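The block underneath contains the structure these notes are about, expressed in C-alpha cells.
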Amino acid sequence: MYRAAIDVRAARGVLLEAEGQMQWRSRAAEQFAARADEVVAGSEGLANRCDIAADTLLAIGNYLAER
C-alpha cells in the first residue's frame with residue numbers, strides 16, 4: 001500500500017509535467033489541463049487512503065504478532 005501511494009504521487013508528477021509541456025503546443029491543451037487537474041486532485045485522496053490502509057494493516061499485523 002505504501003508503494004501504491006508512492007506510485008500515485010509519482011504519476012501525478014508526470015501528469016503535471018506533461019500538462020506543462022503541452023500548454024504551448026496545442027489548443028486542446030486547455031481541456032487536457034482541466035482533466036489533468038481533476039485527476040491530480042482526486043489522486044491525493046487516493047494516495048492518502050493507501051497510506052492509511054497500509055498503516056492499519058501494519059498495526060493489525062504487529063498486534064497479531066505480539067499476541
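For residues that are touching a residue at least 24 places away in the same chain (Cβ under 8 Å) and within 10 Å of M1 (Cβ to Cβ), tally how many sit in region 48-67.
Qualifying residue count for the region: 5.
Every residue, every condition in (1) modelled with pLDDT of 75 or more; (2) surrounded by 12 or more Cβ atoms within 10 Å (Cβ to Cβ), yes or no:
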position	(1), (2)
D7	yes, yes
A18	yes, yes
A29	no, yes
A34	yes, no
E38	yes, no
S43	yes, yes
A54	yes, yes
L58	yes, yes
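The values are calculated or read from the model by the stated rules, or taken from the named source; none is laboratory data. Keep in mind that what you see is a predicted model, and the values were worked out from it rather than measured. Please note: Cβ atoms are built from the backbone with ideal geometry, for glycine as well, and neighbour counts cover all protein chains shown.
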